Amino acid sequence: MSTLWIVIIVLALVGLWLILSYNGLITLRNRVDEAWSDIEVQMKRRYDLIPNLVNAVKGYASHESSVFENVTKARSAAMGAHTLPEHAQAEGVLTSTLKSLFAVSESYPALQASQNFLQLQHELRDAEDKIQASRRFYNGNVREYNTRLQSFPVNMIAGTFAFTAKEFFDMDEAEKVVPEVKF
């Protein structure tokens, strides 16, 4: 009878460990998904600011149509990105086109003095900072999740239940620079 109790206790402990490990992986995966959602919210905010910024510059520099078209195309591409690598690439292109927009704006002192333009620029810089912070938070959660997936013996549970590693949201150093206008 005592052997039966030992077997039952061991099976109960193994079952408890399986449940706790599985639930821990679910928690980590949900944190990664939540962190990605935070990035998307900040990128949406940034995308919403761009048309206003383009219109503000357009009022002063209407003959710079190729710059406006490039910013608009880059914004559309970034909004249409679906995978993490697509997002990283599209965000890099968008950042580059915004730099060219700000370079054009430097040629117009009246634009640089415009309160509307300054406010939009400040909001865009704030959005960029929040995207960067959200990206760091996301990457930290991805690191924790991937580490847990690869750790023995949890990796056996992860493989059994088809948990897959998540990708980091990385960009080139040049693409991480916040566009800035110098007065």
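When the range 65-82 is examined, which residues are found to be outside any helix (DSSP H, G or I) and over 13 Å from residue 47 (Cβ atoms)?
Residue satisfying the conditions is 82 alone.
Each row is one residue, and each column tells you yes or no for (1) buried (at least 16 other Cβ atoms within 10 Å of the Cβ); (2) at pLDDT below 90; (3) polar (S, T, N, Q).
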site	(1), (2), (3)
65	no, yes, yes
68	yes, yes, no
73	no, no, no
76	no, no, yes
107	no, yes, yes
121	yes, yes, yes
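Among 39, 6, which is in a helix (DSSP H, G or I) and either in contact with a Gly (Cβ under 8 Å, 6 or more places away or on another chain) or over 30 Å from residue 82 (Cβ atoms) (or both)?
When all the criteria are applied, what remains is 6.
In the range 48-63, which residue that is more than 15 Å from residue 97 (Cβ to Cβ) and part of a helix (DSSP H, G or I) is modelled with the highest pLDDT?
48
Is at least one residue of the range 133-142 out of contact with any helix residue (DSSP H, G or I) (no Cβ under 6 Å at 6 or more places or on another chain) and more than 30 Å from residue 73 (Cβ to Cβ)?
Within the range 133-142, one or more residues are out of contact with any helix residue (DSSP H, G or I) (no Cβ under 6 Å at 6 or more places or on another chain) and more than 30 Å from residue 73 (Cβ to Cβ).
The values are calculated or read from the model by the stated rules, or taken from the named source; none is laboratory data. Because the structure is a prediction, the values reported are computed rather than measured. Cβ: placed from backbone, ideal geometry, glycine included. Neighbour counts: every protein chain shown.
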